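*Asks:* Here you go, one structure.
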Amino acid sequence: MSDDRWERFGEAAEKAGSDRTATTNRLAAWYMREDGAELPERPDSDPSAPIVDLSGGTQGHTSLETAVIRWNFVETAKRLIN
């Protein structure tokens, strides 16, 4: 994991009222389907932060088209998680 992602992950965990260790443990428990495990809370989104790195994948798209691509990605991910 890049240092930048690790740092942002810590900041996001704090915004959600947790820390990296607790959040990582909850993610691991959920990922391994441990009894009672739930996904950790996520912080409120920052409109200026990218939802997913689409660098190179959105070239030539308008801001609206890029937003739709990101929204579709997130909705697909939600369906896969549930």
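*Asks:* Within region 7-28, can you find the residues that are in a helix (DSSP H, G or I) and aliphatic (A, V, I, L, M)?
*Replies:* From region 7-28, those in a helix (DSSP H, G or I) are 7-15, 20-28; that's our starting set.
Within region 7-28, A12, A13, A22, L27, A28 meet the criteria.
*Asks:* In the list D46, D35, D53, D4, which residue meets the criterion of being assigned to a loop (DSSP other than H, G, I, E, B) and at pLDDT 70 or above?
*Replies:* D35
The values are calculated or read from the model by the stated rules, or taken from the named source; none is laboratory data. Please read all numbers here as calculations on a predicted model, not as lab measurements.
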